[in-house]
2 protein chains.
Amino acid sequence: MIVKGQTVADGAATTLREMILAGQLRPGERVHQDQLAELLGLSRTPLRTALATLATDGLLDYEANRGYRVRSFSVDTIRSVFEIRSVLEAQACRIAARLGCPDSVLARLDSLVRIGDDILASGTLDPAALPDWRRMNVEFHETIIQAANNPLLGEFVSRTHNVPMVSDRVILWDDYEIIHRSHDDHHRIARALRHSEGERAAAIMNEHVSFAGDLLIERLREDPEAALQHLISTAGAVPNKPKKEKK
Amino acid sequence: MIVKGQTVADGAATTLREMILAGQLRPGERVHQDQLAELLGLSRTPLRTALATLATDGLLDYEANRGYRVRSFSVDTIRSVFEIRSVLEAQACRIAARLGCPDSVLARLDSLVRIGDDILASGTLDPAALPDWRRMNVEFHETIIQAANNPLLGEFVSRTHNVPMVSDRVILWDDYEIIHRSHDDHHRIARALRHSEGERAAAIMNEHVSFAGDLLIERLREDPEAALQHLISTAGAVPNKPKKEKK
DNA sequence: GGACGGCAAATTGGATACATTATGGCTATT
DNA sequence: AATAGCCATAATGTATCCAATTTGCCGTCC
């Protein structure tokens, strides 16, 4: 689908981002411009624009005259990204509370929390419910970030999602207790924000994200292959939101 | 000077970054590719690569088929960036303390603190000492960030420096009391890190950065013109460190 | 037998030429 | 006279071509 107001280079960047995050281009692998241009059906010029963008985004490594390589992420990298995401999202809570969340935001959070409640009401984790859960989770976090009204904050959090596995779209959907507790955090965060208790919301959010990171890392350490398989099979598309709206 | 292992595009990106941060290209102004290419003495291809990079870096706004504009930064933007820098640098303290700063880092921090002490020993702010002070300040902050050993953290903090006025290279060098207190923070941060008191160091750093931001914003509100003049005249070069080392 | 040096193929970087899209001014019509 | 639509111009986006750098291979020399 060709979107008006988008260039071929923009499209290539989006496609490549998805390919990398989906693991189609393996980490460390060198990116051949000619091959890739042919594969994508475009010339090298827009492709190179896209590559430069992705390199600045941190998905590719670049070395002059030696081209681009897919950045490889170690478990250490994943940990370090969670260390950042946790403080950024906590700060989002603080700022949102300080600004005072408008009713629309509070209502939306409540509605999302209820959606989560419904999904968990059965007492088990239905695989079929995962996409809905993921949508709920992503929206919950994004709603708070947007409520903070800090463009750079949103940008940085988006960038942390460029690292495979770190996205809040990645969910370990196999332990009811853990998911339940995680959703309890959502309850408490929403309530704290309603009462403008920024520090409290921030503390919960920090732990909420940090724990998710710890858990993921533990799984990856225990059995990297199984965890990866599980995550890839349960990972949803990662539609990096376009920066420009059509007028 | 032509550095081996750097492409023309890289050089153009660096040059443009400096031009924008120095205010040579005014905010909101449209960037004419032909003109600029001629001005810089290169063709549009590497220029466009550089533009794409700077846009991803957040210094330029891009709209398909309408080209690039210099991003304009409001006082609100500056505030929002300080809100991020403060938590990121605080987190750097936490992580550095948790990892345990090696002696080399502690020694360096001590040495930097002493340099600051010497500059302030006279009891007045000598304009001639500003460059040394700035170097000291930048190194102090960078040393801690590097001690945290979290690549993304460093990257993000670097990016906050892409916003005019937010850099730790920008210093309000006109109030001895304030500078003295700020340096006292450095003392306490270094000491806390020596004792592996991460939370304490983080708290001080957070306030250290937040207050600098508040102060700057206050000045900009009071008398934008005067503050800008003062800052530009006292601002040093902003050498964005190259990401790759020659082997 | 190993290592250094040079040559050739492949790949990246940059310049130029072409296509496509916005933009401003002009005319014609209401 | 004002506005809508069209055309010309200018600027951006893409493709192709050429140059420069890397890289792997082979031969020679130590």
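The values are calculated or read from the model by the stated rules, or taken from the named source; none is laboratory data. Bear in mind the structure is a predicted one, so any value in this text is a computation, not a measurement. Don't worry about glycine lacking a Cβ; one is built from the backbone with ideal geometry, like all the others, and counts go over all protein chains shown.
Data table
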| quantity | calculated |
| --- | --- |
| Which numbered condition A:GLN24 fails, given (1) in a loop (DSSP other than H, G, I, E, B); (2) free of Cβ contacts under 8 Å to residues at least 12 places away in the same chain; (3) within 13 Å of DNA strand C (Cβ to nearest atom) | (3) |
| Residue, farthest from the other protein chains (Cβ to nearest Cβ), within segment B:74-93, restricted to residues that are surrounded by fewer than 20 Cβ atoms within 10 Å (Cβ to Cβ) and under 24 Å from A:VAL87 (Cα atoms) | B:VAL75 |
| Total residues in segment A:42-68, condition more than 8 Å from DNA strand C (Cβ to nearest atom) and farther than 30 Å from A:LEU215 by Cβ | 10 |
| A:ALA148, sole failed condition from (1) touching a Gly at 6+ places or on another chain (Cβ under 9 Å); (2) more than 14 Å from chain B (Cβ to nearest Cβ) | (2) |
| Residues within segment A:32-51 that are polar (S, T, N, Q), without any contact (Cβ under 8 Å) to a residue 40 or more places away in the chain and either closer than 11 Å to A:ALA9 by Cα or buried (at least 17 other Cβ atoms within 10 Å of the Cβ) (or both), tallied | 2 |
| Condition met for A:GLU63 (more than 10 Å from chain B (Cβ to nearest Cβ) and surrounded by fewer than 17 Cβ atoms within 10 Å (Cβ to Cβ)) | no |
| Condition met for A:LEU54 (more than 10 Å from chain B (Cβ to nearest Cβ), aliphatic (A, V, I, L, M) and closer than 22 Å to A:VAL163 by Cα) | no |
| All positions within segment B:32-53 that are farther than 17 Å from B:GLU63 by Cβ and either among the small types (Gly, Ala, Ser) or away from DNA strand D (no atom under 16 Å from the Cβ) (or both) | B:ALA37, B:GLY41, B:SER43, B:ALA50 |
| Conditions (1) within 26 Å of A:GLY11 (Cα to Cα); (2) in a helix (DSSP H, G or I); (3) at pLDDT below 95; number of the one not met by B:THR77 | (1) |
| Any hit, segment A:54-70, residues being in a loop (DSSP other than H, G, I, E, B), more than 16 Å from DNA strand D (Cβ to nearest atom) and touching a residue at least 24 places away in the same chain (Cβ under 8 Å) | yes |
| Scope segment B:130-168; condition farther than 29 Å from A:ASP76 by Cβ and surrounded by fewer than 19 Cβ atoms within 10 Å (Cβ to Cβ); matching residues | B:LEU130, B:PRO131, B:ASP132, B:ARG135 |
| Some residue of segment B:108-120 being surrounded by 21 or more Cβ atoms within 10 Å (Cβ to Cβ) and either within 14 Å of chain A (Cβ to nearest Cβ) or in a loop (DSSP other than H, G, I, E, B) (or both) | no |
| Hits in segment B:18-51 - residues which are within 12 Å of chain A (Cβ to nearest Cβ), in contact with a helix residue (DSSP H, G or I) (Cβ under 7 Å, 6 or more places away or on another chain) and closer than 23 Å to B:SER167 by Cβ | B:ALA50 |
| Among (1) among the acidic types (Asp, Glu); (2) surrounded by fewer than 20 Cβ atoms within 10 Å (Cβ to Cβ); (3) at pLDDT 90 or above - the single one A:GLU29 does not satisfy | (3) |
| Residue list for segment A:9-31, filter: within 12 Å of DNA strand D (Cβ to nearest atom) and closer than 17 Å to A:ARG66 by Cα | A:ARG30 |
